[in-house]
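The values are calculated or read from the model by the stated rules, or taken from the named source; none is laboratory data. Just so you know, these numbers come straight off a predicted model, no measurement behind them. Glycine gets a Cβ as well: all are built from the backbone with ideal geometry, and neighbour counts include every protein chain shown.
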Amino acid sequence: MSLSFVAFDLDGTVFTHVLRATLSPRVRAALEAAHDAGARIIAVSGRPWLQLGRDLMTFDALDWVVGCNGACIVDARSGGAFVEERTIPWPVVRELVRRYHTPDSGWNAFLERASYYETTHRSYLVDGVERSGPIGEGRRVPMVNEGGVVDGCWFVDSVVPYLDEARERGEAAPFKLIIATPDEGRFEAMRCELLARGDLSVSVMGDSLEITLAGVDKGDATLQLLEGLGVDPAKGVSFGDAGNDITMCGRPWRFVAMGNAEPQILAAADDVTDSVTEDGVATWIEAHLLDDLPPVARPRAGESR
């Protein structure tokens, strides 16, 4: 066996659009070939389990999901059982709501049993997705994509009452929060303030700030999963294209940027493949599945890449 695992981001990496949560036939076949050769197949996403899309959730070759930027690890083979959860403490969530929940912002909140999306401002995760009906005061309506209703994903006027209800019922706190705003000045001020706290991780995705507990990110969670499985990380590969994928760079494994990746991802990558519309993940796997890949050369301290 050559590859010990294949990890991949979703939007912009294997999904060409957030509304089209499906694998192309070529990418599907490449991942199946890697799985048949013994590699663990891992989806690493900012999405929660409930929003992966039916195509991926029922994909027989998928073994694990690192979701919500690493805040949860899900056993895909068991149908979505959570095996690791790192949530933002409820007191911190309440503090963030008091300070940053304003009429000109739009929030998304991702919990174990449900995800909530405000209609004030649509983040990239709900770009092009529709709601099933009008939202009245205190009423939530299901999210709908091309595959139909997305289970457990709701459009609401405000996430606040639903967060309060979950806390009062004793449910686990959110894995991740997203705050989106079109105001560039306020966006940058929030980003700096949130980072300065020291107890949160913050990723920039377009005009959205993705917030998780400090130390929670895609790269660390993937490494934790591999170590728990006894999988050699140096013999694997991960793919990504945008902001929150940067934490998968500089790891023991090979990180491959998509041809459509953002400049900072391209600069940090060990390799570059075709774009998502050209099935770049499949391009790389087809070329390297049976290769005996050399270890990734990392610069020593003080050296540039």
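I'm trying to understand the selection: among the residues of the range 49-59, which are in contact with a strand residue (DSSP E or B) (Cβ under 6 Å, 6 or more places away or on another chain) and under 15 Å from PHE15 (Cα atoms)? Give the steps one after another, and end with the answer.
Initially, the range 49-59 is screened for residues in contact with a strand residue (DSSP E or B) (Cβ under 6 Å, 6 or more places away or on another chain), giving 49-51.
GLN51 - this is the single residue of the range 49-59 that is in contact with a strand residue (DSSP E or B) (Cβ under 6 Å, 6 or more places away or on another chain) and under 15 Å from PHE15 (Cα atoms).
Of these, SER78, SER115, SER158, which one is more than 22 Å from ALA214 (Cα to Cα), among the polar types (S, T, N, Q) and not assigned by TED's automatic domain parsing to the domain that holds THR222?
Numbers: SER78 fails: not assigned by TED's automatic domain parsing to the domain that holds THR222; SER115 fails: more than 22 Å from ALA214 (Cα to Cα).
Just one listed residue meets the conditions, SER158.
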Review point. Which condition number in (1) crowded, with 24+ Cβ neighbours inside 10 Å; (2) out of contact with any His (no Cβ under 9 Å at 6 or more places or on another chain) is the one that VAL6 fails?
Key: (2)
Practice item. Inspect all residues belonging to the range 209-227 and state whether any of them is free of Cβ contacts under 8 Å to residues at least 24 places away in the same chain, farther than 23 Å from LEU177 by Cα and assigned by TED's automatic domain parsing to the domain that holds GLY280. Key: yes
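Taking the criterion of being part of a loop (DSSP other than H, G, I, E, B), at pLDDT 85 or above and over 20 Å from GLU210 (Cβ atoms), would at least one residue in the range 92-101 satisfy it? Give the derivation first.
If we filter the range 92-101 for residues that are part of a loop (DSSP other than H, G, I, E, B), which is where we start, we get 101.
Cutting the leftovers down to at pLDDT 85 or above gives us 101.
Okay, now just the ones that are also over 20 Å from GLU210 (Cβ atoms), so none.
No, there is no match, as no residue in the range 92-101 is part of a loop (DSSP other than H, G, I, E, B), at pLDDT 85 or above and over 20 Å from GLU210 (Cβ atoms).
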Review point. Being assigned to a helix (DSSP H, G or I), closer than 26 Å to GLY38 by Cβ, among the aliphatic types (A, V, I, L, M) and in contact (Cβ under 8 Å) with a residue 60 or more places away in the chain, is that true of even one residue in the range 230-248?
Key: yes
Check your understanding: Of all residues in the range 1-53, which are in contact (Cβ under 8 Å) with a residue 40 or more places away in the chain and basic (Lys, Arg)?
Key -> ARG20, ARG26, ARG40, ARG47
Exercise for review: Given the conditions (1) under 26 Å from SER4 (Cβ atoms); (2) at pLDDT below 95, report the number of the one that SER203 does not fulfil.
Suggested key: (1)
Point to revise | Those residues of the range 189-226 which are of a type in the set (Asp, Glu) and not in a strand (DSSP E or B), in sequence order | key: GLU193, ASP199, ASP207, ASP217, ASP220
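Out of contact with any helix residue (DSSP H, G or I) (no Cβ under 9 Å at 6 or more places or on another chain) and modelled with pLDDT of 95 or more: is that true of GLU303 in this structure?
Values: out of contact with any helix residue (DSSP H, G or I) (no Cβ under 9 Å at 6 or more places or on another chain): yes; modelled with pLDDT of 95 or more: no.
No, not satisfied.
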Point to revise | All positions within the range 168-181 that are more than 20 Å from GLY46 (Cβ to Cβ) and either touching a Lys or Arg at 6+ places or on another chain (Cβ under 8 Å) or at pLDDT below 95 (or both) | key: GLU171
Check your understanding: Taking the range 249-272 as the search range and keeping residues that are part of a strand (DSSP E or B) and either surrounded by 23 or more Cβ atoms within 10 Å (Cβ to Cβ) or of a type in the set (A, V, I, L, M, F, W, C) (or both), which one is farthest from the chain's Cα centre (by Cα)?
Key -> VAL272
Check your understanding: Given (1) surrounded by fewer than 18 Cβ atoms within 10 Å (Cβ to Cβ); (2) touching a residue at least 24 places away in the same chain (Cβ under 8 Å), where does THR58 come up short, assuming only one miss?
Key -> (2)
Review point. Right, ALA43: modelled with pLDDT of 95 or more, more than 19 Å from the chain's Cα centre (by Cα) and outside the structural domain of TRP154 (by TED's automatic domain parsing) or not?
Key: no
Exercise for review: Would you please name the residue that is nearest to PHE59 (Cα to Cα), looking only at residues in the range 13-28 that are modelled with pLDDT of 95 or more and part of a loop (DSSP other than H, G, I, E, B)?
Suggested key: LEU23
Practice item. Look at the range 63-83 and say how many of its residues are crowded, with 22+ Cβ neighbours inside 10 Å and free of Cβ contacts under 8 Å to residues at least 60 places away in the same chain. Key: 3
